[in-house]
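Reading through the structure tokens given below for one structure.
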Amino acid sequence: MIEIRVRRALGPATIETDIRAEGRTLALVGPSGGGKTTILNMIAGLETPDWGRIAFDDVLLFDSDRGVNLAPRERRIGYVFQEPRLFPHYSVAGNLRYGARASAAHKTLVEFDEVVEWLGIGHLLDRRPQKLSGGEKQRVAIGRALLSRPRALLLDEPLSALDEARREEILNLLERLRDRLSIPMVLVSHRLDEVERIAVASAQVEPGRKVTLRV
Amino acid sequence: MTTAEQTAVLLSLRVASVGALASLPFAIAVAYLLARVRFPGRIALDVAVHLPLVLPPVVTGWLLLIEFGRNEPLGAFLERAFGFSFAFRWTGAALAAAVMGFPLMVRAIRLSIEAVDRRLEQAAATLGASRLRIFATVTLPLALPGVFAGLILGFAKAIGEFGATITFVANIPGETQTLATLIYNTTQDPDGAPATWRLTAIAVVIAVVALAGSEGLARGFRASAR
């Protein structure tokens with residue numbers, strides 16, 4: 001069960017969502033500037049809704065009525081940002097392992113070697129992020145999020161920076177993740193055709209319109 | 001070079017190194033607070049840190065004297081509790097040098113912390129890192145060039161410090177007589193011109209070495225960041 005019912009005023013516009021879904025993989029689709037990233041930031045705890053409630057399965061992350069607002073590090077939300085945000089002073093292996101230490105108490109989702117194999121990044125482990133291509137960075141960012149043992153995974157425009165061949169590769173990978181992992185995923189994209197292959201349900205995000213999704 | 005001159009040069013190096021290194025952790029802490037934390041009294045802290053930069057050094061030296069003099073409350077307490085004193089000792093010269101260099105260190109470090117991409121810190125937070133761990137593993141390593149720049153600036157300021165030092169701990173050969181305060185003496189001496197020239201040359205050498213060292217470090221950082 002994914003519940004994202006929030007409201008946040010951003011300048012003149014208001015972002016409002018009413019998402020309650022049993023489905024595991026959701027997509028938020030809409031033009032840029034519509035508030036998709038803001039919704040992901042609110043789920044991850046990087047932005048605070050004016051009002052609302054966010055819960056994944058039976059874990060409450062935010063509830064304005066009850067005064068619940070977990071810090072980002074307590075939420076265990078794996079977040080793959082639109083720009084990969086890899087740590088430039090760590091190797092690829094260091095980036096991948098960064099989140100594993102803090103979350104050692106939690107159940108392992110996938111093992112390090114397994115992630116490296118899935119993502120095909122074994123030959124990159126000693127490199128610095130600056131030496132990677134866009135697609136390679138994206139894969140490392142996905143691996144880093146997975147290895148932090150998240151309760152859910154957020155992906156912001158995971159395909160937008162990639163060329164056609166790389167897109168296909170990441171799409172296949174996301175499909176495999178969806179089938180293999182038991183955690184919910186929320187994808188954001190400005191193109192519906194990019195994500196409809198992966199998501200079981202999608203909602204339109206447009207400025208000034210409430211985002212509604214019931215599955 | 002006479003023995004007195006050698007003693008003064010070595011003392012200057014010791015005073016400046018100890019002053020800069022001992023104040024570095026505080027400078028990093030204050031720079032982080034000013035760059036990243038919103039708290040009441042932030043502006044007051046900012047002003048207090050910058051005061052030694054704008055006050056006449058004599059005033060700073062006098063303020064140190066009325067705090068840490070042997071008969072002043074704070075100085076007497078340190079002496080009683082730890083058997084430690086700043087008054088008219090080389091440790092006092094190091095304290096004066098540290099206070100005078102502090103604003104420069106904080107400014108350099110603060111700028112480099114502010115330049116660290118906050119989005120990387122956010123990413124670390126979503127990966128479960130605590131504030132302390134984010135600071136130690138992301139913010140500080142990425143701000144290191146600025147930390148070293150601050151250290152060099154603090155050291156350079158400490159080598160040249162005169163007003164606060166002579167006011168606070170006087171000009172005692174072998175204890176508080178630094179390169180700067182010794183040069184002051186030789187300029188007052190009608191026959192002091194040769195000594196002044198020698199000491200000036202040494203001061204220039206120290207300055208050039210410090211600058212070359214910082215430039216080399218900066219290059220090293222740029223190379224390793226690539």
Checklist entry - Just A:Arg20, A:Arg76, A:Arg127 to compare: in a GNM of chain A, with alpha carbon springs under 10 Å, which one fluctuates most? => result A:Arg127
Checklist entry - Looking at region B:3-225, what % of the alpha carbon pairs are farther apart than 29 Å? => result 35 percent
Checklist entry - Once both labels are modelled 7 Å past Cα along the beta-carbon direction, what's the B:Val205-A:Asp65 spacing in nm? => result 7.8 nm
Item to check | Inter-centroid distance (Cα atoms) of region A:25-97 relative to region B:97-140, Å | outcome: 23 Å
Checklist entry - How far is helix A:164-180 tilted off the main Cα axis of chain A, in degrees rounded to 10, range 0 to 90? => result 70 degrees
Checklist outcome for this item: Phi angles of region B:112-123, converted by Karplus (6.51 cos²θ - 1.76 cosθ + 1.60, θ = phi - 60°) into ³J(HN,Hα) in whole Hz with x for Gly and Pro, give 6, 5, 5, 7, 6, 4, 5, 5, 5, 5, 4, 4
Checklist entry - If r is the Cβ-Cβ distance from B:Glu175 to B:Ala218 and R0 is 41 Å, what FRET efficiency results, to the nearest 0.05? => result 0.70
Item to check | Residues of type aspartates and glutamates that A:Lys36 reaches as a straight line, Cα spacing below 12 Å, ignoring anything fewer than 8 places off in the same chain | outcome: A:Glu16, A:Asp156, A:Glu157, A:Glu206
Next on the checklist: Please state the shape class of region B:8-59: rounded when a/c is under 1.5, otherwise prolate if a/b exceeds b/c and oblate if not, all from the C-alpha gyration tensor.
Outcome noted: oblate
Checklist entry - So, in nm, how far is label B:Val54 from label B:Leu21 when the simple model puts each one 7 Å beyond its Cα toward the Cβ? => result 3.4 nm
Item to check | Additional length obtainable on full extension of the chain from A:Glu168 to A:Met1, 0.36 nm per residue less Cα span | outcome: 57.2 nm
Next on the checklist: Averaged over its residues, how many other protein chain Cβ atoms are within 10 Å of peptide B:114-126's Cβ atoms?
Outcome noted: 6
Checklist outcome for this item: Only helices counted: for chain A, with every DSSP H run of 4 or more residues adding -39500 (n - 2.57) and the sum spread over all residues, [θ] at 222 nm is -9000 deg cm²/dmol
Item to check | Amide H partners (placed H, <5 Å) of A:Ser202, local residues excluded | outcome: A:Ala27
Checklist outcome for this item: With Rh as the Kirkwood radius over Cα pairs, the protein assembly as shown has Rg/Rh of 1.14
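Where a number appears in this text, it was derived from the coordinates with a stated rule and is not lab data. Values in this document were obtained by computation on a predicted structure and should not be read as measured data. Neighbour counts are summed over all protein chains in view; Cβ atoms, including those assigned to glycine, are modelled from backbone coordinates with ideal geometry.
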